[in-house]
Protein chains: 2
Amino acid sequence: MQKQRIAIIGAGPSGLAALRAFESAERAGAEVPEIVCYEKQDDWGGQWNYSWRTGIDQYGEPVHSSMYRNLWSNAPKEALEFAEYTFDEHFGRPVSSYPPREVLWDYIDGRLRSSKAKDKVKFATAARWVQHHEDTDTFTVTVEDLKTRTTSSSEFDRVIVATGHFAYPNVPTFEGIETFPGSIEHAHDFRGAEKFADQRVLMIGSSYSAEDIGVQAYKMGARSVTLSYRTKAIGHDWPQGMEELPLVERFEGNKVHFVNGQVREFDAVVMCTGYIHNYPFLPSDLAIDSPNNVYPSGLYRGVVWQENPNLYYLGAQDQWFTFNMFDAQAWYVRDLILDRAELPSAGDRAAHIQTWVKRFHDLSTEAEEVRFQADYIRDLIDNSDYPMFDLDAVVEIFLAWVRDKKENVLTYRDKQHRSVMTGTMSARHHTPWIRELDDSLQRYLSQ
Amino acid sequence: MQKQRIAIIGAGPSGLAALRAFESAERAGAEVPEIVCYEKQDDWGGQWNYSWRTGIDQYGEPVHSSMYRNLWSNAPKEALEFAEYTFDEHFGRPVSSYPPREVLWDYIDGRLRSSKAKDKVKFATAARWVQHHEDTDTFTVTVEDLKTRTTSSSEFDRVIVATGHFAYPNVPTFEGIETFPGSIEHAHDFRGAEKFADQRVLMIGSSYSAEDIGVQAYKMGARSVTLSYRTKAIGHDWPQGMEELPLVERFEGNKVHFVNGQVREFDAVVMCTGYIHNYPFLPSDLAIDSPNNVYPSGLYRGVVWQENPNLYYLGAQDQWFTFNMFDAQAWYVRDLILDRAELPSAGDRAAHIQTWVKRFHDLSTEAEEVRFQADYIRDLIDNSDYPMFDLDAVVEIFLAWVRDKKENVLTYRDKQHRSVMTGTMSARHHTPWIRELDDSLQRYLSQ
Ligand SMILES: Cc1cc2nc3c(=O)[nH]c(=O)nc-3n(C[C@H](O)[C@H](O)[C@H](O)COP(=O)(O)OP(=O)(O)OC[C@H]3O[C@@H](n4cnc5c(N)ncnc54)[C@H](O)[C@@H]3O)c2cc1C
Ligand SMILES: Cc1cc2nc3c(=O)[nH]c(=O)nc-3n(C[C@H](O)[C@H](O)[C@H](O)COP(=O)(O)OP(=O)(O)OC[C@H]3O[C@@H](n4cnc5c(N)ncnc54)[C@H](O)[C@@H]3O)c2cc1C
Ligand SMILES: NC(=O)c1ccc[n+]([C@@H]2O[C@H](COP(=O)([O-])OP(=O)(O)OC[C@H]3O[C@@H](n4cnc5c(N)ncnc54)[C@H](OP(=O)(O)O)[C@@H]3O)[C@@H](O)[C@H]2O)c1
Ligand SMILES: NC(=O)c1ccc[n+]([C@@H]2O[C@H](COP(=O)([O-])OP(=O)(O)OC[C@H]3O[C@@H](n4cnc5c(N)ncnc54)[C@H](OP(=O)(O)O)[C@@H]3O)[C@@H](O)[C@H]2O)c1
């Protein structure tokens, strides 16, 4: 029999988890399918692969990463740690709980650096179109080699979509915005807050991006930082110079009217209004169409496309858990592909989905949502040989983090947490976050 | 026999020229094929359909238009006038030679506003993938309805690509740019120079965008405007506060080192470095791969894809002539499709291409390039019933424009020119361009 052929689209943390999952089975002596991973960027790491570029990249592709200079992990690294490649193993000594982007890229990269995984990745290659054939139950994946501008098509038995969902900005419009004279950018295109020094800056949104870019602007000396919420204020005890107002009603020149009647003048606006699921390379019957939430519909166990179970998604959920959740998903998908785990019938899958959708709809607090995602991961790990870890302890880390942030959004990144994988207590970074202006790996590791 | 089916991709000035060409044949009693035009924006007009958005639009698509607030035609309207729908016919009275964007959009729209052309256009619909079938010599065009997020495929006998080639920015990189603390944007994402008031702004590039965005920044009160050229300085007698320097060598913080050793500090950079041909919906054997020039290779008569003569391009050239050139192309392509014009054999087409490529390579001055493009258009009109117009007179208009700009880049838009279509002398705009801050149609038509 011919070897199965598997396409992985995307080599961010999720796509790399898939590569690692197969590699780990192969190391243990299993016969694994032929794997081709397509990655449109020149290197792997997904969001963690920083680029100063915005909008469209050097190949004419939408720039993928939304990260920026001076971005540090916004949750403790102890919550995202791989269960089978720890921070201790990577760095050889304790490091702090909130590393900057480059350090986390190094950790992701480190797990696969010395493996043969890189040979399976076709870099600077964008998926253009995926077609499923009813008769053969196979997929044709058409890609473009962006360096030679050559398109080509290959046949696969299964396709794993791991292209992320924080790359295509959701950008609402507001009356009068077309003549706002200042700068307008979405968080996706934000690359650093130095330019906001002495400016009056408006963030629209009330989630992670609004919070962190707001604080970045504060850190870099903005004259004022205003956050505008649609549903609910973040509600921190903001430092002097930062405030929260309800939703923008309209723009009028450089003035912004808020729905509560207040008016402010601004020099710059950052739309921190989240992202959309977008899969321009997929026919609509294979593409997720969902808001950003912890249980997007159409996916059995959050990974198997119900309408076509040879198509998988990794990392499609909103994310409390990240790297270790992607691992749990990847290991389970690998085991389905290797026939180690059994795929239930369509009816049983639908019933399973229904049970979880009901639980999902009943969630009302953040704490419930974290526990829901922990349970979801537990269910995945129970069905593969990914090392089980103390998910309840990680839930407690998340809840401590939420409290730390509430206490002081400027200092929560100075806190320390203990690894549930190794028991190691994190180090203290040499410099308080609010005063640290160098986010390089070199500076981070200097003592 | 079944009616032929024609897909037009894009409803900018070129796609609209194609719609108009078929409509005009139909009005004259001809039997015309079934036409479907796919346009990813919500309205037609292409570049002239302004959006405040940058990067990625509300549907997750790359924003198409590179135009900005206070963009006025940069060449006399007498050089772009349609030969069969004049400015006199549209406005009913003389208007000035350099209208702002909204006014030209109105002119383009006006020609088709009251026709049935709009019924043939599927708006908010992006071409996703085009496949040619050798056996049937037909094309499958797969599109996505961006509002419903539904993909679908249809069969066509011919495909006209009219998606423009000033929409995907060419963005070079420079040493140290990733830590430049100011704002960096490509001209494609520039939307207005008000935000540059009192800033030190660097334009990289020495063509139309660098010139006009530089002057916009000057007009809006930039502290200084520096233009950096790679090949050749524009060489105008710049007003105080504007200067030209050779190419950027590297960035160092907010300092920029130029290859001649000079160093300047900047608050903002605009990359005016042009655009790339990019057709992410086409297999590489159907896609133009060319720098921006007046004779991109692979196209017979600049419109017929030599390797597959049922595929056509409109507006693929660098543009001295615009709207009337697109018309000349569209009429000729229409006549090929209607079998009114005969398509030469592949060998004869290759020979024709060779002759023009040779002429093209021998061009050395701007004046020669304009004449080359005039001759090119003449050759097209000679092969269709598009009204011939005095191309030599238009060449003179272009040459006068080049002189006017050289004389004073701040006042050339106040000059008047005479229509070669109607003989009408343009009006004088009520306000000198450098003092005009309102670019609306309403203000333009006010007396
Ligand atoms: C601003 C920001 C900050 C974040 N900060 C944190 C944090 O502090 N901690 C944390 O745990 N998580 C953070 N995240 C969450 C982040 O999404 C995950 O950490 C992780 O990167 C998701 O991995 P992924 O592989 O699923 O997707 P991505 O990382 O998005 O990777 C997807 C990959 O697919 C590729 N791709 C896309 N389209 C194509 C195509 N057509 N063809 C080929 N390749 C394609 C992309 O180039 C990319 O490499 C952050 C996210 C954002 C947006
Ligand atoms: C900044 C700027 C200023 C300019 N100023 C002038 C000027 O002053 N005078 C002048 O004569 N010319 C000017 N031009 C030149 C301009 O290119 C032409 O005037 C004209 O707009 C070209 O028409 P087009 O139809 O070929 O392309 P475009 O106007 O670019 O239209 C292409 C259309 O295709 C659509 N499209 C693209 N991809 C897809 C897809 N996958 N599926 C469906 N639809 C798609 C786009 O949405 C767009 O509507 C300017 C260009 C730029 C960039
Ligand atoms: N490491 C870091 O420091 C860092 C920094 C930034 C982001 N991130 C990560 O990036 C990911 C995305 O976070 P995100 O904050 O960009 O997106 P998000 O969590 O999806 O939040 C989107 C926000 O936009 C608001 N919004 C959406 N549409 C709106 C509209 N029309 N008008 C007004 N507000 C609107 C939402 O408000 P409603 O509540 O009303 O829906 C919500 O506040 C997360 O994984 C996050 O952890 C990390
Ligand atoms: N109506 C208006 O006011 C207006 C305004 C702007 C633009 N436009 C139109 O927009 C279209 C595009 O014009 P454009 O100026 O954007 O593009 P363009 O005419 O193609 O010019 C590209 C410029 O970028 C430079 N460049 C390219 N790569 C570079 C690199 N690596 N380093 C430095 N410089 C580099 C080129 O320099 P070299 O000479 O060295 O190659 C050239 O100066 C034209 O049709 C124009 O008429 C109109």
Discussion item. Given the criteria within 16 Å of ligand 1 (Cβ to nearest atom), outside any loop (DSSP other than H, G, I, E, B) and surrounded by 18 or more Cβ atoms within 10 Å (Cβ to Cβ), does residue B:18 qualify?
Written reply: no
Worksheet item: If you go through region B:205-239, how many residues are away from chain A (no Cβ under 14 Å) and either in contact with a helix residue (DSSP H, G or I) (Cβ under 7 Å, 6 or more places away or on another chain) or within 16 Å of ligand 2 (Cβ to nearest atom) (or both)?
Response: 16
Practice prompt. Filter region B:175-204 down to residues that are at the interface with chain A (Cβ under 8 Å from one of its Cβ atoms), of a type outside the set (Lys, Arg) and within 16 Å of ligand 2 (Cβ to nearest atom), then give me how many there are.
Written response: 5
Discussion item. Kindly evaluate residue A:266 against the criterion of being in contact (Cβ under 8 Å) with a residue 40 or more places away in the chain, crowded, with 17+ Cβ neighbours inside 10 Å and under 26 Å from the mean Cα position of the chain (by Cα).
Written reply: no
Item to complete: Tell me, please, whether a residue that is small (Gly, Ala, Ser), loosely packed, with under 15 Cβ neighbours inside 10 Å and away from ligand 1 (no atom under 16 Å from the Cβ) can be found in region B:323-335.
Response: no
Discussion item. Looking at region B:386-406, I want the residues that are closer than 20 Å to residue B:211 by Cα and have a partner that is in a helix (DSSP H, G or I) and among the aromatic types (Phe, Trp, Tyr) with Cβ atoms under 7 Å, at least 6 apart or on another chain. Which pairs are those?
Written reply: B:401/B:412; B:404/B:412; B:405/B:412
Worksheet, complete the sentence: If we keep only residues of region A:240-275 that are on the phi > 0 side of the Ramachandran plot and within 14 Å of chain B (Cβ to nearest Cβ), then the residue nearest to ligand 1 (Cβ to nearest atom) is A:274
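Could you grab me the full set of residues in region A:264-285 that are farther than 21 Å from residue A:370 by Cα and part of a strand (DSSP E or B)? Let's see the steps before the verdict.
Going through region A:264-285, the residues farther than 21 Å from residue A:370 by Cα turn out to be A:264-273, A:276-285.
Scanning region A:264-285 gives A:264, A:265, A:268, A:269, A:270, A:271, A:276.
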Discussion item. Looking at B:3, B:40, can you tell me which residue is more than 12 Å from chain A (Cβ to nearest Cβ), in a loop (DSSP other than H, G, I, E, B), farther than 22 Å from residue B:270 by Cα and touching a residue at least 24 places away in the same chain (Cβ under 8 Å)?
Written reply: B:3
Discussion item. With the structure loaded, tell me whether residue B:150 is out of contact with any Pro (no Cβ under 6 Å at 6 or more places or on another chain), facing chain A (nearest Cβ under 7 Å), at negative phi and among the hydroxyl-bearing types (Ser, Thr, Tyr) or whether it fails that test.
Written reply: yes
Worksheet item: Say we look at region B:287-306 and pick out the residues that are within 18 Å of residue A:149 (Cα to Cα) and touching a Gly at 6+ places or on another chain (Cβ under 7 Å); which of these is nearest to the other protein chains (Cβ to nearest Cβ)?
Response: B:288
Fill in: Residue match in region B:108-121 (condition: within 11 Å of ligand 4 (Cβ to nearest atom) and of a type in the set (Lys, Arg))
no
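Results for (1) more than 17 Å from residue A:176 (Cβ to Cβ); (2) in contact (Cβ under 8 Å) with a residue 40 or more places away in the chain, shown as yes or no for each residue.
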| site | (1), (2) |
| --- | --- |
| A:242 | yes, no |
| A:259 | no, no |
| A:262 | no, no |
| A:272 | yes, yes |
| A:283 | yes, yes |
| A:305 | yes, no |
| A:308 | yes, yes |
Worksheet item: Pick from region A:97-132 the residues that are assigned to a strand (DSSP E or B) and touching a helix residue (DSSP H, G or I) at 6+ places or on another chain (Cβ under 9 Å): which of them is nearest to the other protein chains (Cβ to nearest Cβ)?
Response: A:130
Discussion item. When the residues of region B:191-206 are narrowed to those that are of a type outside the set (Lys, Arg) and farther than 21 Å from residue B:63 by Cβ, which ends up farthest from ligand 1 (Cβ to nearest atom)?
Written reply: B:206
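What residue, of A:73, A:51, is within 14 Å of chain B (Cβ to nearest Cβ) and surrounded by fewer than 22 Cβ atoms within 10 Å (Cβ to Cβ)?
A:51
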Discussion item. If residue A:31 meets every condition in (1) within 18 Å of residue A:163 (Cα to Cα); (2) more than 16 Å from ligand 3 (Cβ to nearest atom); (3) without any contact (Cβ under 8 Å) to a residue 60 or more places away in the chain apart from one, which number is that one?
Written reply: (1)
Worksheet entry | Any hit, region B:415-431, residues being under 20 Å from residue B:320 (Cβ atoms), hydrophobic (A, V, I, L, M, F, W, C) and in contact with a helix residue (DSSP H, G or I) (Cβ under 7 Å, 6 or more places away or on another chain) | yes
Worksheet item: Is one or more of the residues making up region B:115-127 among the hydroxyl-bearing types (Ser, Thr, Tyr) and within 30 Å of residue B:287 (Cα to Cα)?
Response: yes
Item to complete: Inspect region B:61-74 for any residue being under 21 Å from the mean Cα position of the chain (by Cα) and either assigned to a helix (DSSP H, G or I) or charged (D, E, K, R) (or both) and give the result as yes or no.
Response: yes
Discussion item. Condition first: within 32 Å of the chain's Cα centre (by Cα), in a loop (DSSP other than H, G, I, E, B), within 16 Å of ligand 2 (Cβ to nearest atom) and of a type in the set (Gly, Ala, Ser). Can you find one or more residues in region B:241-263 that meet it?
Written reply: no
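We did not get these values from a lab; they are worked out from the coordinates using the rules stated. These numbers come from a predicted model, not from an experiment. Quick reminder, even Gly has a Cβ in these numbers, built from the backbone with ideal geometry, and neighbours come from all protein chains shown.
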